[in-house]
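Trainee: If you scroll down you'll find the structure; I have some questions about it.
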Amino acid sequence: MDSFINAFLSIFCIEQPEGHMGAAFKSPTDILWLIGIVLIFVVFMVGSVCIILGWSRRMEIMTGKDVAQSIQNLTCTQKFILAASSPTIGNHYKCVIDIWDTHTSDTEVEKVKKLFEWGWGEFSYENAKNMADDCLNRGYNIKFKEYCSADAQPSEAALKYTDFERQLLEEMKQKYPKQGMLAWDLVRVLSIVGGAYMGGVMEYEEAVKIALKACRLLQENFSSWDDMVGSYNLGYQFWRGKKKTDRLRYYKKLKRTWIYKISWNTVLKEDELGIL
């Protein structure tokens with residue numbers, strides 16, 4: 001027992017006095033305390049392994065190492081919608097083009113509902129439709145437009161936004177003077193209708209048609225995948241209120257895979273949406 005205790009303690013760099021091997025853990029309470037630490041450590045390790053395996057599985061599908069025949073048979077329009085949605089997929093948001101068969105898994109559907117409620121509130125058709133419409137017509141980009149229109153009154157802008165937000169808004173003015181963070185709103189549309197479809201509150205036909213509209217707007221306002229993701233990432237950081245690079249890194253990984261083999265200038269067709 002003493003050798004086990006000392007071996008475990010050495011993992012956490014806790015030294016025992018010479019000649020007192022395990023002396024500090026002779027009482028029943030101390031032994032229970034040690035057992036508790038061991039259990040916490042085991043739970044942590046098991047949880048970490050599960051997360052890593054889950055991410056590995058997800059990346060295998062995304063990178064083509066486990067591409068089912070149904071995925072290979074996606075139309076060009078479906079592939080474009082999937083690619084446009086992909087910056088958010090790393091955070092478990094769903095695309096209406098369901099390459100993971102999410103809608104057939106009760107566990108996954110429950111996760112979709114919880115994530116939707118966290119991001120957009122009540123999980124219902126009405127709320128999903130309203131949120132998608134808002135992102136298409138106003139969204140976060142309205143803040144960029146308001147900021148630009150307040151140039152003549154900089155004091156008002158100084159009071160309304162934090163230093164970090166103003167920094168991002170100024171960067172948008174330089175890089176995306178017409179679009180601002182429009183890509184952030186349009187990609188969010190894809191996440192909203194994807195979640196609504198996966199969770200069963202919106203039919204595939206309606207969800208994928210809204211996704212098609214968002215993708216056409218992306219093509220009209222941006223010149224490439226990089227151009228789109230640049231605007232998206234500025235909007236993401238504005239939403240989070242702090243510097244974030246996780247989704248940009250995820251995009252760069254996916255850019256080397258089959259996901260982004262689809263051309264930005266793909267002609268998007270309604271008859272390629274897979275509507276029966």
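The values are calculated or read from the model by the stated rules, or taken from the named source; none is laboratory data. This is a predicted model, so every value here is computed, not measured. Because the Cβ atoms are built from the backbone with ideal geometry, glycine has one as well, and the counts that use them run over all protein chains shown. The area values use the complete protein model at the heavy-atom level, side chains included, leaving out ligands, DNA and RNA. Shrake-Rupley method; radii C 1.70, N 1.55, O 1.52, S 1.80 Å.
Trainee: What is the spin-label model distance, in nm, from residue 239 to residue 275 if the labels are put 7 Å beyond Cα along the C-beta direction?
Mentor: 2.6
Trainee: Just how large is the dipole of the range 94-145 about the Cα centre, in debye to the nearest 20, putting +1 at every Lys and Arg Cβ and -1 at every Asp and Glu Cβ?
Mentor: On the way: 8 positive and 10 negative charges, 87 e Å.
Using only the charged Cβ atoms, the result is roughly 420 debye.
Trainee: May I ask you to derive the FRET efficiency for residue 258 and residue 35 from their Cβ-Cβ distance with R0 = 30 Å, giving the value to the nearest 0.05?
Mentor: FRET efficiency, residue 258 to residue 35: 0.05.
Trainee: Computed FRET efficiency, Cβ-Cβ of residue 160 and residue 216, R0 25 Å: what is it to the nearest 0.05?
Mentor: 0.20
Trainee: Oh, and also: If you rank 94, 79, 252, 269 by how much accessible surface each has, with a 1.4 Å probe, what is the order from largest down?
Mentor: 252, 269, 79, 94
Trainee: Which pairs in the list 143/244; 114/160; 114/244; 143/269 are over 25 Å apart, alpha-carbon to alpha-carbon? Don't skip to the answer; put the middle values down first.
Mentor: On the way: 143/244 19 Å; 114/160 31 Å; 114/244 23 Å; 143/269 32 Å.
Beyond 25 Å between Cα atoms: 114/160; 143/269.
Trainee: Still on this model: Between residue 105 and residue 150, what is the FRET efficiency for a Förster distance of 35 Å, r being their Cβ-Cβ separation, to the nearest 0.05?
Mentor: 0.15
Trainee: Would you kindly compute the Cα radius of gyration of the range 183-272 and its largest Cα-Cα separation (Dmax), both in Å?
Mentor: Considering the range 183-272 through its Cα atoms, Rg and Dmax are 13.9, 41 Å.
Trainee: Still on this structure, I have one more. Return the distance in nm (one decimal) between the two label points of a simple spin-label model at residue 173 and residue 118, each offset 7 Å from Cα along Cα→Cβ.
Mentor: 3.5
Trainee: How large is the charge dipole for the range 226-276, taken about the Cα centre, if only the Cβ atoms of Lys, Arg (+1) and Asp, Glu (-1) carry charge, to the nearest 20 debye?
Mentor: The calculation lands at about 620 debye.
Trainee: For labels at residue 246 and residue 226 in the simple 7 Å Cα→Cβ model, what's the distance in nm?
Mentor: Reported label-point gap for residue 246 and residue 226 is 2.6 nm.
Trainee: Which one, 207, 224, 236, projects farthest toward the positive side of the charge dipole computed for the range 192-247 from Cβ point charges (K/R +1, D/E -1)?
Mentor: 236
Trainee: Just the number please: accessible area per residue for the range 154-252, 1.4 Å probe, all protein chains included, in Å².
Mentor: Roughly 44 Å² per residue, with all protein chains present.
Trainee: For the range 148-276, what is the charge dipole size about the Cα centre, in debye to the nearest 20, if Lys and Arg each add +1 at the Cβ and Asp and Glu each add -1 at the Cβ?
Mentor: Charge dipole of the range 148-276: 680 debye, to the nearest 20.
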